[in-house]
1. Got at least one residue in the stretch 157-177 being under 16 Å from the mean Cα position of the chain (by Cα), in a strand (DSSP E or B) and of a type in the set (Gly, Ala, Ser)?
2. So, of the residues in the stretch 22-76 that are in a strand (DSSP E or B) and among the hydroxyl-bearing types (Ser, Thr, Tyr), which turns out to be surrounded by the fewest Cβ atoms within 10 Å (Cβ to Cβ)?
3. Checking the condition closer than 17 Å to Thr104 by Cα and either modelled with pLDDT of 90 or more or aromatic (Phe, Trp, Tyr) (or both), which residue from Arg23, Arg74, Arg48 passes?
4. Give the stretch 78-91 a look and list any residue that's touching a Lys or Arg at 6+ places or on another chain (Cβ under 7 Å) and either in contact (Cβ under 8 Å) with a residue 60 or more places away in the chain or in a strand (DSSP E or B) (or both), or say none.
5. Is it the case, given these coordinates, that Glu173 is among the acidic types (Asp, Glu) and farther than 30 Å from Arg112 by Cα?
6. Considering only residues that are basic (Lys, Arg) and buried (at least 18 other Cβ atoms within 10 Å of the Cβ), which ones fall in the stretch 86-112?
7. Condition first: in a loop (DSSP other than H, G, I, E, B) and modelled with pLDDT under 85. Now tell me which residues in the stretch 178-205 satisfy that.
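The values are calculated or read from the model by the stated rules, or taken from the named source; none is laboratory data. Because the structure is predicted, anything quoted here is derived from the model rather than measured. Virtual Cβ from ideal backbone geometry, glycine too; neighbours counted across all protein chains shown.
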Amino acid sequence: MRKMSIGILVTLLLVLLSSGCYRTVSVKEVTPKGIESLAPDEALIFGRMRMIDNGKEKESYISTTEQLDIMLIRIEDEQALAVRRVKPDGTFLWQVPRGTYLLTRLRWWEFRGWFPIRPQIAFQVGPDAEAYYLGTLRIDADVERSALSVKIKRFAIVVADEYEQDVQLLTRELPSFQGRVEKALMVHDARIPAVTESEVNQSTIIGILRSLGFGLMTIH
């Protein structure tokens, strides 16, 4: 029963988010079968999540007993959000609308329970390239566990450039891809508010991101 509970809870969460007061932004996972189509206002993003749990790196990021999910908010829509899971090895390759994003939450699930991380991360999917490399987001977490609970005590965030290794994600999943690829590393900064989804304010966030060097795009 415990093994089944995580998947059921996540499914319910996704249903509630998609049917509640939030609009959703289309974030599609890209598979070896390719992409349906890439519209002018869309691009691919790829990278990796790496979680160090009490000094030990996770070996799998999705299984019957453990998984990591990610919540994204597109600033141009203020509260349009998407919840996605990474692949078992922590990598991701998604097709998304162009724009400026906050990664507002990481959530780690396991059979004892779950805990959220507010990573203070922003990134931009620009107007020119067909694919953007976001880098590796490394989370070093101190986690306290008991038989029936799990709690995060503290964590640290680092964004690393592992392009030479992870560009293979693109060539492996889409061997016929011939588009332009640009680096657009995720930005982690204490000035980015560690907000919940309901607390995202477009004008406040835009001001902060501009101070960090982001050029906000006009999206129609």
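1. Scanning the stretch 157-177 turns up at least one residue that is under 16 Å from the mean Cα position of the chain (by Cα), in a strand (DSSP E or B) and of a type in the set (Gly, Ala, Ser).
2. Only one residue tops the list, namely Thr31.
3. Arg48
4. Gln79, Ala80, Thr91
5. Numbers: among the acidic types (Asp, Glu): yes; farther than 30 Å from Arg112 by Cα: yes.
Against the criterion (among the acidic types (Asp, Glu) and farther than 30 Å from Arg112 by Cα), Glu173 qualifies.
6. Arg98, Arg105
7. We begin by selecting, within the stretch 178-205, every residue in a loop (DSSP other than H, G, I, E, B); these are 178-180, 184-186, 189-196, 200-201.
Pro193, Ala194, Val195, Thr196, Val200, Asn201, listed by residue number.
Each row is one residue, and each column tells you yes or no for (1) within 27 Å of Val200 (Cα to Cα); (2) under 14 Å from the mean Cα position of the chain (by Cα).
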{"residue": "Lys56", "(1), (2)": "no, no"}
{"residue": "Leu72", "(1), (2)": "yes, yes"}
{"residue": "Asp77", "(1), (2)": "yes, no"}
{"residue": "Ala82", "(1), (2)": "yes, yes"}
